[in-house]
Amino acid sequence: MNAALFRKYLPKLEEELILNVSYGTDKDYHVLAMIARKKGKLYMWEISAVSEEEDEHKRRRFRINRTNREMHKESFKGRAPKFIREIVIDGQELCTSSATGSRVDENWNDDRKVLLFYLLQKGVMLGELEHVSFERLCINEYELYEKENGGPYDDKEPEFRWSFPTEKENIEVTVRIDVQHIPIPVHKRLTLKLGEYKKLRTVTLPGDEGAEIYISGVTLYDAWEQEKTRFDDPRYKQFSEEQLRDMKEMHLKALEATCPKGYVIPLIEYESNKDYQVQFYASDYLRRKHESSNSSTIMMFSSDKKVGPMGLRNRACALEAVPADYAESLAVELFMYYKVIPSKSIKCKRV
């Protein structure tokens, strides 16, 4: 960091309002710091902190030869992200069109460090976070739009009708927290046959009384066969030949990394009586040493069936690719499921 970068990262705001309100307690304490207008758009900044346990875990030096199981267990270490969906300020309703969040101490996060200093200099108070080290602080940035307009503005947007409160000392603020998906460990080992099941395989999920999933079969998805007609979809007609060529090249590269030619993707199809998403992994994959990579590929696979045998939403979980002639049973582990925490409204307090 130097003076030139510091000046570059200083926020250039057209209108601003210090909120200094908070919600939550202890390890889940959040401060709404400021709402401001920037380049004709409305933004809000929220400050929270990771716990000392999370911070210590992040800074540990992990041994190199960790298995995939150990890597995936990291999902259970930290808190699930919590983001605001709507905010009401003195009766004026605003919604979130985008949200980004990160720790202040990340090496690449100089702009967040400058933003924190700017907010403090402007009079933002941190309440229960006043004595928390800067290294543990996190800042969420929200881009907001007016709820009555039904969605974010485009490039030709009219001016915001939202007006900053004139009475700034006793502002009433209510936030609506978005739905959260909390990973819950299961670690149940199963042996699954290929094909469609006449009798569903029922698995009880821990941590939520009565929660079950119903496995209806394992299909082998031929991703390369589907690839032959992927770009025949009318949706792609809007792209130029050059754009399509680039898209095909990128997609084929991603597909090759996920499922080499001559391989297929096993899809475990299931329903949940509470509409939970679950995560299966092959037992052999979990035992193997984790291979680090500077890049990652994520491809989404889904079942053709929208509704399963139980009349519930049909879901599918993809495993590692197997040879196309694979005909044996699969040793898998139901590793975790994502428990849904419903959206809720919270009235904020003055810091």
Legend entry - Single unsatisfied condition, residue 289 versus (1) surrounded by fewer than 14 Cβ atoms within 10 Å (Cβ to Cβ); (2) under 26 Å from residue 333 (Cβ atoms); (3) over 26 Å from the mean Cα position of the chain (by Cα); (4) touching a residue at least 12 places away in the same chain (Cβ under 8 Å): (3)
Inset, instruction - Could you look through the range 205-229, keep only residues that are under 27 Å from the mean Cα position of the chain (by Cα) and loosely packed, with under 14 Cβ neighbours inside 10 Å, and pick out the one that is nearest to residue 326 (Cα to Cα)? - result: 206
Legend entry - Within the range 74-109, considering residues that are in a strand (DSSP E or B) and of a type in the set (D, E, K, R), the one farthest from residue 56 (Cα to Cα): 93
Inset, instruction - Filter the range 322-344 down to the residues that are surrounded by 16 or more Cβ atoms within 10 Å (Cβ to Cβ) and in contact with a helix residue (DSSP H, G or I) (Cβ under 8 Å, 6 or more places away or on another chain), then identify the one that is nearest to residue 219 (Cα to Cα). - result: 332
Legend entry - Residue list for the range 148-191, restricted to those being charged (D, E, K, R) and modelled with pLDDT under 70: 148, 154, 155, 156, 157, 159, 161, 167, 168
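The values are calculated or read from the model by the stated rules, or taken from the named source; none is laboratory data. Since this is a predicted model, take the numbers as computed values, not measurements. Note that we place each Cβ from the backbone using ideal geometry, even for glycine, and neighbour counts take in every protein chain shown.
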